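See below for the structure under consideration.
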Amino acid sequence: MPSTSVEPCTFALFGALGDLALRKLFPALYQLDRAELLHDDTRILALAREAGTPQQHLANIEEHLRLFVAKAQIEEATLSRFLARIAYVHVDFMNEADYVNLAEQIGPAEQVIAYFATPAAVYGAICENLHKVGLADRCRVVLEKPIGHDLASSRRVNDAVAQYFPENRTYRIDHYLGKETVQNLIALRFANSLFETQWNQNYISHVEITVAEEVGIEGRWGYFDKAGQLRDMIQNHLLQLLCLIAMDPPADLSADSIRDEKVKVLKALAPISAEGLTTQVVRGQYIAGYSQGKAVPGYLEEENSNTQSDTETFVALRADIRNWRWAGVPFYLRTGKRMPQKLSQIVIHFKEPQHYIFAPEQRLQISNKLIIRLQPDEGISLRVMTKEQGLDKGMQLRSGPLQLNFSDTYRSARIPDAYERLLLEVMQGNQNLFVRKDEIEYAWKWCDQLIAGWKKSGDAPKPYAAGSWGPMSSIALITRDGRSWYGDI
């Protein structure tokens, strides 16, 4: 195997038999091994408290690898090598004695990466027990979201971890930050004067960020009904995307330089007043409808549902950033479940030319748009105005794309999953793609005021049919400003 910049480590995966580990983490680690990016001496400890033999659990991991890794990418020799790295260790996360056994399986000089694919409620206990057995001082910890359900609870979780792990060894994951297109936002903005000189309120009219999910709850009722779409998606994913779009140029590409600029954006977010809750924010809850041509139940009709729940499955809002760069530029954020399609995209709408010389009936077309798509197909498209071809067309205009589709452009290269990149960055000790504590806190502070406003008003979520783009009031939210959501049909 060729040498890599990744040092050998022991990857201790807490919650190794959970859905996240089996669907995402083991496949990502396998792909890193397949790409020869794991050191020969890297080991994986699958830590869980389920009963059964190690052989049974390893067979379960292999079964899920074959299920969630594309068949064409399963190479038997690589799979055998990867499975040989894994050892199952029974660990009750709250029992200190089990950590003594864990420590005995890790050499005195080994670098440890502890990945917490567990509820945040046990993060503190895991950290304390790692400290008690002497592993904390040579360990990096990776924390999955959600980190708390509001500002106060997030501080409790982060403070519990910080007792044993300093910020430079704490990696808070938001998997959106590992996506190839999100990484390209930095290059697109700051390596191209074409965009950076135009990236402000003088040239940009408004920005849309949409993260739409086609699926419903998928058996996560217990978690989701306590969280809701605002906590589950906006507090982390959408606000992180907003920060990367809106931040000022960092001094360099170091982790803290980038995160310092993101924090400035979060601090500049204008609070939404009680009056603004009725004009700037819409929350909805899906009712029965159709998805992919099939009838699907409403949120309150899902299995094990609470039929009195007022938890939102959809949020649309207008956010305003109070600084020079973005004064007067609205950011429209929208996310929901049971949408017509799975879609994550950012649309930058540029202002029209001040002096218009073409036919008046074409004026509505005159708007350049930069479309940055994260899923389902990652890519970047710039819509520009050109003349229609043909002798009979005169100066008739058309809007067309200058397009970079990653899967088409880089046909020979597989686009890595976000978790692959993030796990590799942890192994290399790079924190650029991870979220700092103060980012979490400012995001929660802004979202908490919305949650408090909803609670005080007592307004129920607006119903919307499954398979639609949300409540009608979410369309009114943007049309009130003379605009429309890009691409809705």
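The values are calculated or read from the model by the stated rules, or taken from the named source; none is laboratory data. If you're wondering where the values come from, they're calculated on a predicted model, not measured in any experiment. Reconstructed Cβ throughout: ideal geometry from the backbone, glycine too, with neighbour counts over all protein chains shown. To get the accessible areas, we keep the full protein, side chains included, count just its heavy atoms, and leave off ligands, DNA and RNA. Shrake-Rupley method; radii C 1.70, N 1.55, O 1.52, S 1.80 Å.
What's the center-to-center distance, using Cα atoms, between the stretch 180-230 and the stretch 260-293 in Å?
Answer, in whole Å: 13.
How far apart, in nanometres, would the label points at HIS131 and ALA295 be if each is projected 7 angstrom from Cα along the Cα-to-Cβ direction?
My value for the distance between the label points is 5.7 nm.
Which value, in debye to the nearest 20, describes the size of the charge dipole of the stretch 217-287 about its Cα centre when Lys and Arg Cβ atoms bear +1, Asp and Glu Cβ atoms bear -1, and nothing else is charged?
The calculated dipole for the stretch 217-287 is roughly 240 debye.
Just to be sure I understand the model, the point goes 7 Å from the Cα along the line to the Cβ. What's the resulting ALA51 to ASP92 distance in nm?
Modelled inter-label distance: 1.4 nm.
Based solely on its DSSP helices, what 222 nm [θ] is calculated for the chain when runs of n ≥ 4 H residues each add -39,500 (n - 2.57) and the sum is averaged over all residues, nearest 500 deg cm²/dmol? Show your work: numbers first, answer last.
Numbers: 16 runs with 159 residues, N = 489.
It lands at -9500 deg cm²/dmol.
How high is the relative contact order of the stretch 58-140, in percent, counting Cα pairs under 8 Å that sit 6 or more residues apart?
Values: 44 pairs, mean separation 24.0, N = 83.
This gives 29 percent for the stretch 58-140.
Rank these by accessible area, largest first, 1.4 Å probe: LYS179, LYS456. Could the numbers behind the result be given before it?
On the way: LYS179 30, LYS456 185 Å².
So the residues, ranked largest to smallest area, are LYS456, LYS179.
For the stretch 196-340, what is the convex hull (Cα atoms) projected area averaged across all directions, in square nanometres? Each step should come with its number before you reach the end.
On the way: hull surface 43.3 nm².
Spelled out: convex hull of the Cα atoms, projected over all directions, averaged, 10.8 nm².
Restricting to Cα pairs below 8 Å that are 6+ residues apart, what does the relative contact order work out to for the chain? Please round to a whole percent. Present the calculation step by step, with values, prior to reporting the outcome.
Numbers: 845 pairs, mean separation 87.0, N = 489.
Once divided by the residue count of the chain, the mean separation gives 18 percent.
Could you compute how much accessible surface GLU128 exposes when probed at 1.4 Å, giving the result in Å² to the nearest 10?
70 Å²
Suppose we keep just the DSSP beta bridges with both residues in the chain; what percent of those would be antiparallel, to 5? Please report the intermediate quantities before stating the final value.
Numbers: 44 of 77 bridges.
Expressed as a percentage, antiparallel bridges in the chain total about 55.
Can you give the accessible area of TRP454 in Å² (nearest 10), computed on protein heavy atoms with a 1.4 Å probe?
30 Å²
What size of dipole, in debye to the nearest 20, comes out for the stretch 103-151 about its Cα centre when the only charges are +1 on Lys and Arg C-beta atoms and -1 on Asp and Glu C-beta atoms?
On the way: 4 positive and 6 negative charges, 13 e Å.
Dipole size: approximately 60 debye.
May I ask which residue of PHE165, TYR203, ALA187 lies farthest towards the positive end of the charge dipole of the stretch 140-204, with charges of +1 (Lys, Arg) and -1 (Asp, Glu) on Cβ and the Cα centre as origin?
PHE165
Tally Lys/Arg at +1 and Asp/Glu at -1 over every other residue whose Cβ is under 11 Å from the Cβ of ALA114; what's the total? Mind showing how you got there, number by number?
On the way: positive: ARG138, ARG140, ARG169; negative: none.
Residues near ALA114 contribute +3 overall.
Per residue, how large is the accessible surface of the chain? Use a 1.4 angstrom probe and give square angstrom.
Numbers: 22110 Å² over 489 residues.
Solvent-accessible surface per residue comes out at 45 Å².
Nothing charged except the Cβ atoms of Lys and Arg (+1) and of Asp and Glu (-1): what's the magnitude of the dipole of the stretch 112-180 about its Cα centre? Round to the nearest 20 debye.
On the way: 9 positive and 8 negative charges, 21 e Å.
Dipole of the stretch 112-180, to the nearest 20 debye: 100 debye.
Probe radius 1.4 Å, ligands and nucleic acids left out: which of LYS462, LYS262, LYS369 has the largest accessible area, and how do the rest follow? Show your work: numbers first, answer last.
Details: LYS462 95, LYS262 5, LYS369 40 Å².
So, going from the largest accessible area down, we get LYS462, LYS369, LYS262.
As I understand it, the dipole of the chain uses +1 on the Cβ of Lys and Arg and -1 on the Cβ of Asp and Glu, about the Cα centre. Which of GLN235, LEU450, LEU83 lies farthest toward its positive end?
Going by the charge dipole, the pick is LEU450.
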